[in-house]
Amino acid sequence: MPYRQTALTRKNASEKRESLLRAARGLVAADGFKAATVAAIAARCSASVGSVYSYFDSRDRLLAEVFRSAANHEIDIVREAVADSGQQASDRIGELVRIFSGRALQGRRMAWALLFEPVSPVVEEERLVYRRSYTEIGEQIIRDGLGRGEFVPQDARLAASAVMGAVSEALVGWIRPESPQPSPAEQSDVIDGIRLFCFRALGVAR
């Protein structure tokens, strides 16, 4: 008689799968994707290496899910904060930069993993989606600002891509794992400096 999953076995399997993902995410947050080996993930869950592969086709696929989960969490926070509720587009761009930069400086190891750490092509595909999502958020804000005359005339998509690229690159030296943790005052100065640069690039008088 063929084996059939019951509701309980499906629930247990789902919980086991989620525990493996949580373990992998914890390893990534602490030491990056390189630390999230199958052996380390299994050890955190008191499971065998073979059991990990019964839930995921490969380590790359597992880490791609970890990346997607972490990235979506960050994007959702930003998207909610900059939703159009009648405020100026320049304020929304400023908030986008503040939240993106602030969270990166606070969670430097995860930010480095999401933005810059060398990863496999499978995980890199998720990174491209992650970057594109931020660009799309910025593009909509810039389009709104152009429609209200808040920004100098420009290509909204190109400007959004340039702004997010500038923000990411400006953070490199501050979130590099081997660099010292910036003080609260330094973090504030960095964020203010990036925001001012973006305002000037978009033609906002601040």
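The values are calculated or read from the model by the stated rules, or taken from the named source; none is laboratory data. Source: prediction; values computed, not measured. Here the Cβ positions follow ideal geometry from the backbone for every residue, glycine too, while neighbour counts run over all protein chains shown. Just so you know, the surface numbers come from the protein's heavy atoms only, side chains and all, with ligands and any DNA or RNA stripped out. Shrake-Rupley method; radii C 1.70, N 1.55, O 1.52, S 1.80 Å.
Note on surface exposure: ASP57, ASP84, ASP144 rank ASP57, ASP84, ASP144 by accessible area, highest first, 1.4 Å probe. Report, in deg cm²/dmol and to the nearest 500, the calculated mean residue ellipticity at 222 nm for the chain, where each DSSP H run with n ≥ 4 adds -39500 (n - 2.57) and the sum is divided by the residue count. Result for the chain, helices only: -24500 deg cm²/dmol.
In the set [x] 27; [y] 23; [z] 36, which value of percent of Cα pairs over 29 Å apart was calculated from the structure you see? So the calculated entry is the one marked [z].
Entry comment: accessible area of the chain is 53 Å² per residue, from protein heavy atoms only and a probe of 1.4 Å. Taking all protein chains as shown and a probe of 1.4 angstrom, ASP31 keeps an accessible surface of around 80 Å².
Once all protein chains are placed together, LYS11 keeps about 110 Å² accessible to a 1.4 angstrom probe. Please work out whether region 90-161 counts as rounded, prolate or oblate from its C-alpha gyration tensor, where a ≥ b ≥ c are the square roots of the eigenvalues and a/c under 1.5 means rounded, while otherwise a/b larger than b/c means prolate and anything else oblate? Here region 90-161 falls in the oblate category. Full extension of the segment from ARG157 to ASP57, taken as 0.36 nm per residue of separation minus the current Cα-Cα distance, would add 32.4 nm. Within the chain, the selection of entire DSSP H helices by a Cα span of 18 Å or greater along the long axis and an average Kyte-Doolittle value of at least 0.5 returns 156-175. The spacing between region 36-57 and region 140-184, judged by their C-alpha centroids, is 38 Å. Ranking VAL172, VAL123, VAL129 by solvent-accessible area of protein heavy atoms (1.4 Å probe, all protein chains present), from largest to smallest, gives VAL129, VAL172, VAL123. For ALA13 and LYS34, the FRET efficiency from 1/(1 + (r/R0)^6), where r spans their Cβ atoms and R0 equals 35 Å, is about 0.80. In the assembled protein chains, GLU169 presents an accessible area of approximately 120 Å² (probe radius 1.4 Å). Taking Cα centre as origin and charging only the Cβ of basic (Lys, Arg, +1) and acidic (Asp, Glu, -1) residues, the dipole magnitude of region 72-132 rounds to 200 debye. Rolling a 1.4 Å probe over the protein heavy atoms of region 14-111, with every protein chain left in place, gives an accessible area that is 47 percent carbon and sulfur.
Extension gain for the segment GLU124 to ARG148, taken as residue separation times 0.36 nm less the Cα-Cα distance, is 5.0 nm to one decimal. Each label was represented as a point 7 Å from its Cα along the Cα-to-Cβ direction; for SER179 and ASP84 these points are 3.5 nm apart.
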